[in-house]
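Let me begin by presenting the structure, written as C-alpha cells, before commenting on it.
Just so you know, all these numbers are worked out from the coordinates, no wet-lab data involved. This structure is a prediction, so every number in the text was calculated from the model and none was measured. Here the Cβ is made from the backbone with ideal geometry for all residues, glycine too, and neighbour counts use every protein chain on show.
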Amino acid sequence: MNATMRVRRVFSRKELKKAFAIRMRVFVREQGVPAEIELDEDDKRAIHFLAFTAGKTVGTARVVLRRASAKIGRMAVLKSYRGRGVGMKLLQKAIEAAKRKRARGIYLHAQVSVIGFYETAGFRAVGPVFEEAGIRHRKMTWTKRSPAR
C-alpha cells in the first residue's frame, strides 16, 4: 500500500455521506444488496471509519457496540483498491476502537468468500453459515491473534 493511505474516524456529515456512498457502490451496485436494507438504525450510533489514499475515499467500516460486545461491520473497499492493505488497515482501526470502548468481545459477520482475510487478522469462524442480505456469511470472533491450534 502506498504511504499516503490512512484511516480515520468519521466526524462530519460530509464524511459520513462518503462512507455511505462507498457502501452503496460495493454492497448495492456490486453485490446486489437491496438499497433499503443497506443503511440501518445502527448507523446512527456506530463509530464509522473512512480510508483515504491520495485524498480519495476508498474504503469504510463501522463498529457498533451491543451490550458488552463490539460488532465490526459494513467493511467495504472500492474494487480497484482491494488487495492493497486498505481492508486490513480499516479492520485494525475498528479493533482499536472496540478495545478503547472496553468491549469484552469483538465479532463480525463475514461473507464466506472473505473468511480467509479475517482469519489472517486474528478472527475465528464460529457457528454455521447463514444468509444475510442474500449473501452467505459466517460469524467470526476476534481471538486477539491467538495462534491457530
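Key figures for this structure:
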read-out	value
FRET efficiency for Ile37 and Thr120, using Cβ-Cβ distance with R0 set to 25 Å, rounded to 0.05	0.30
Distance (nanometres) between label positions extended 7 Å along Cα→Cβ at Lys44 and Lys99	3.2
Rel. contact order, % - alpha carbon contacts under 8 angstrom, at least six apart, the chain	19
Amide H contacts of Met75 (H built 1.01 Å from N, under 5 Å, at least 5 apart or other chain)	Arg62
Note, ³J(HN,Hα) from phi for region 134-143, Karplus 6.51, -1.76, 1.60, rounded to Hz, x at Gly and Pro	x, 10, 6, 10, 9, 5, 10, 10, 7, 10
In sequence order, calculated HN-Hα J values of region 99-110 (Karplus, 6.51, -1.76, 1.60; Hz; x Gly/Pro)	5, 4, 7, 6, 5, 7, x, 10, 9, 7, 10, 8
Part-to-part distance (alpha-carbon centres) for region 77-128 and region 1-75, which is given in Å	13
Qualifying trypsin sites (Lys or Arg not before Pro) for region 16-85 [loop in DSSP, other Cβ within 10 Å: at most 11]	Arg67
DSSP-loop chymotrypsin sites (Phe, Trp or Tyr not before Pro) across region 4-78, with at most 16 other Cβ within 10 angstrom	Phe11
The chain, helix-only ellipticity at 222 nm - DSSP H runs n ≥ 4, -39,500 (n - 2.57), divided by all residues, nearest 500	-7000 deg cm²/dmol
In sequence order, calculated HN-Hα J values of region 84-96 (Karplus, 6.51, -1.76, 1.60; Hz; x Gly/Pro)	10, x, 5, x, 5, 5, 4, 4, 4, 5, 5, 4, 4
Net dipole in debye of the chain [+1 Lys, Arg Cβ; -1 Asp, Glu Cβ; about Cα centre; nearest 20]	740
